Structures are given as C-alpha cells and as structure tokens.
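*Asks:* Following this message is one structure expressed as structure tokens.
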Amino acid sequence: MKKLLMVSILCMSFGANAGFIHPLEFDGTEVQKNAVITYIQDRVKKDYCQTVDMCQETMLRMMEKENLEAFKRLSQVKDRSILDRAIHDYCGTVDMCTYQMIEMMYKENLKASKQQLSW
C-alpha cells in the first residue's frame with residue numbers, strides 16, 4: 001500500500017513533466033525507448049533554447065546524449081528510495097527534471113546516506 005501511495009504521489013508531480021519515464025520502471029520496449037528519447041529531446045530543447053540562449057545543434061546533441069547515458073545508468077541503480085526522492089525534488093519541487101540532474105543528485109545522496117557527522 002505504501003509503495004502504491006508513493007507511486008501515485010510521484011505520478012501526480014509529473015504533470016508538468018509529461019512523458020517522463022521512471023528509470024526503474026523502464027521495460028526496454030520500443031514504445032518506452034521512443035518516449036525516453038522524445039522526453040530528453042523536448043527537455044533539452046526547453047532548457048537550452050527557451051531557458052538559456054545556447055540553442056546550438058552541437059550543444060543540443062551533446063546534452064541529449066549525456067541525458068540518455070544518465071537514464072541508462074539510472075535504470076540500474078539499487079536504492080529506489082533515494083532515486084524517488086531525487087525525482088520528487090527535481091521534477092516536482094523545482095523544474096530541473098533532467099536525467100543528468102537526477103543522476104548527479106542520486107549519486108550525491110547515496111554517498112551522503114553512508115556518512116555520519118563525527119569529530
């Protein structure tokens with residue numbers, strides 16, 4: 001029940017991020033592959049052509065490739081709760097919903113989860 005509630009909450013927060021595929025729910029079908037590529041292309045174009053003025057084909061292709069590689073790595077992560085939190089924070093709370101950002105924050109939070117404050 002708790003997992004169902006968490007998935008429902010995450011799905012509601014993705015209203016502004018239509019087409020987002022959760023990396024751990026990726027099934028490898030052509031439909032989902034195409035959806036991931038479309039999401040990445042749309043997101044990169046939004047970020048680099050509408051948000052900042054860096055709308056060059058080389059920049060767009062480079063960032064698309066980096067986001068696709070980040071997605072592939074995220075589909076293999078082990079700690080779903082940390083990944084879900086990164087997705088919630090960067091796709092729901094703030095509009096920085098790129099797989100590259102999610103991966104970076106996943107790695108940082110995973111590292112921090114193994115640390116404790118000490119003298």
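*Asks:* For the chain, what's the relative contact order in percent, using C-alpha pairs closer than 8 Å and at least 6 residues apart? The partial results should precede the final answer.
*Replies:* Numbers: 83 pairs, mean separation 32.3, N = 119.
Taking the mean separation of contacting Cα pairs over the length of the chain, I get 27 percent.
*Asks:* Taking the Cα centre of the chain as the origin, how large is its charge dipole in debye, to the nearest 20, when only Lys and Arg (+1) and Asp and Glu (-1) carry charge on their Cβ atoms? Present the calculation step by step, with values, prior to reporting the outcome.
*Replies:* On the way: 16 positive and 16 negative charges, 97 e Å.
The calculation lands at about 460 debye.
*Asks:* Right, here's the next one. For the range 51-65, what does the Karplus curve 6.51 cos²θ - 1.76 cosθ + 1.60, with θ = phi - 60°, yield as ³J(HN,Hα) per residue in whole Hz, taken in order and with x for Gly and Pro?
*Replies:* 3J(HN,Hα) across the range 51-65, in whole Hz: 8, 10, 8, 10, 8, 10, 4, 5, 5, 4, 5, 4, 6, 4, 5.
*Asks:* So if we plug the beta-carbon distance of residue 78 and residue 42 into 1/(1 + (r/R0)^6) with R0 = 30 Å, what FRET efficiency do we get, rounded to 0.05?
*Replies:* 0.55
*Asks:* Next question, about the same structure. Can you compute the modelled spin-label distance between residue 108 and residue 53, with each label point 7 Å from Cα toward Cβ, in nm?
*Replies:* The answer from the label model is 2.9 nm.
*Asks:* Whole-Hz Karplus ³J(HN,Hα) for the range 84-96, in order, using 6.51 cos²θ - 1.76 cosθ + 1.60 and θ = phi - 60°, x for Gly and Pro?
*Replies:* These are the phi-based 3J(HN,Hα) values: 4, 5, 5, 5, 4, 5, 9, 10, x, 7, 10, 8, 10 Hz.
*Asks:* Turning to a different aspect of this structure: Round to the nearest 0.05 the FRET efficiency obtained for residue 115 and residue 85 when R0 = 25 Å and r is the Cβ-Cβ distance.
*Replies:* E between residue 115 and residue 85, to the nearest 0.05, is 0.95.
*Asks:* Using only Cα atoms, find the angle between the long axis of helix 2-13 and the longest principal axis of the chain, and express it within 0 to 90 degrees, rounded to the nearest 10.
*Replies:* Here the helix axis deviates by roughly 30 degrees.
*Asks:* In whole Hz and in residue order, list the ³J(HN,Hα) couplings for the range 109-117 that follow from phi through the Karplus curve 6.51 cos²θ - 1.76 cosθ + 1.60, θ = phi - 60°; x for Gly and Pro.
*Replies:* 6, 5, 4, 5, 5, 9, 10, 9, 5
Any read-out appearing in this document is the output of simple, stated calculations on the displayed coordinates, not a laboratory observation. It should be emphasised that the depicted structure is a prediction, and the values quoted were computed from it without experimental measurement. With ideal geometry, Cβ positions are generated from the backbone for all residues, glycine too; neighbour counts draw on all protein chains shown.
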